[in-house]
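Before any comments, here is the structure.
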Amino acid sequence: MKSVLILFPLAILLAAFSPKADPEIPADIKTLLDKNGCVACHHMSRKLVGPSWMDISKKKYTAKRIAQLVAKPEPQNWPGYVPMLAQPTVPKAEMTKIANWLSKLK
Ligand code: HEC
């Protein structure tokens, strides 16, 4: 049990300072992700409460589909994760920008 307590922070440190740099999130998108609370559960490359943006981008969703899934999540797409709460209050123009960015992310 003790080793878990030591290894866990160590793993987080390693992940945080790993030399492989994440793709940059453009400043305007970052602002929208902050403002709409997405950052609480999504990170560029690491699994938080939700899958990383890079893992989501592997599903090759269209921007339209992404906007749909944020307004009305389909938790069966992500076994092993808690279901995402629907985010219907994201302003449409902002959701379009986020979805366009996410659909082009590689
Ligand atoms: C409270 C945590 C939480 C917040 C806040 C959150 N998400 Fe999620 N998100 C999740 C989880 C967990 C999943 C995976 C399970 C699911 O889809 O239900 C997910 C999945 C997703 C997916 C993939 C959907 C699919 O079906 O493949 C997208 C896209 C996404 N989130 C975008 C967003 C955006 C954009 C925001 C901000 C407006 C946001 N999320 C806010 C937790 C969150």
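The values are calculated or read from the model by the stated rules, or taken from the named source; none is laboratory data. In this text, all values refer to a predicted model and were calculated from it rather than measured experimentally. Quick reminder, even Gly has a Cβ in these numbers, built from the backbone with ideal geometry, and neighbours come from all protein chains shown. The protein model used for the area step is the full one, side chains on, heavy atoms only, and it has no ligands, DNA or RNA in it. Shrake-Rupley method; radii C 1.70, N 1.55, O 1.52, S 1.80 Å.
Restricting the stretch 68-80 to residues that are surrounded by fewer than 15 Cβ atoms within 10 Å (Cβ to Cβ) and assigned to a loop (DSSP other than H, G, I, E, B) leaves a set whose member that is nearest to the ligand (Cβ to nearest atom) is 74. For the stretch 31-41, residues that are assigned to a helix (DSSP H, G or I) and farther than 16 Å from residue 96 by Cβ total 3.
Once the stretch 42-65 is narrowed to residues that are open to solvent by less than 30 Å² (accessible area, probe 1.4 Å) and in a loop (DSSP other than H, G, I, E, B), the residue that is nearest to residue 88 (Cα to Cα) is 50.
Here residue 39 meets the list (1) near the ligand (Cβ under 9 Å from one of its atoms); (2) in contact with a Phe, Trp or Tyr (Cβ under 9 Å, 6 or more places away or on another chain); (3) open to solvent by 30 Å² or more (accessible area, probe 1.4 Å) almost entirely, failing just condition (2).
Identify all residues within the stretch 87-102 that are within 9 Å of the ligand (Cβ to nearest atom) and not in a helix (DSSP H, G or I); write none if there are none. Explain how you work it out, then say what you get.
Within the stretch 87-102, the subset within 9 Å of the ligand (Cβ to nearest atom) is 87, 89-90, 94-95, 98-99, 102.
Result: 87, 89, 90.
From the set of residues in the stretch 58-67 that are more than 9 Å from the ligand (Cβ to nearest atom) and not hydrophobic (A, V, I, L, M, F, W, C), which is nearest to residue 45 (Cα to Cα)?
In the first step, residues of the stretch 58-67 are kept if they are more than 9 Å from the ligand (Cβ to nearest atom); the result is 58, 60, 62-64.
Among the residues that remain, those that are also not hydrophobic (A, V, I, L, M, F, W, C) are: 58, 60, 62, 64.
Details: 58: 12, 60: 16, 62: 20, 64: 23 Å.
Here the residue is 58.
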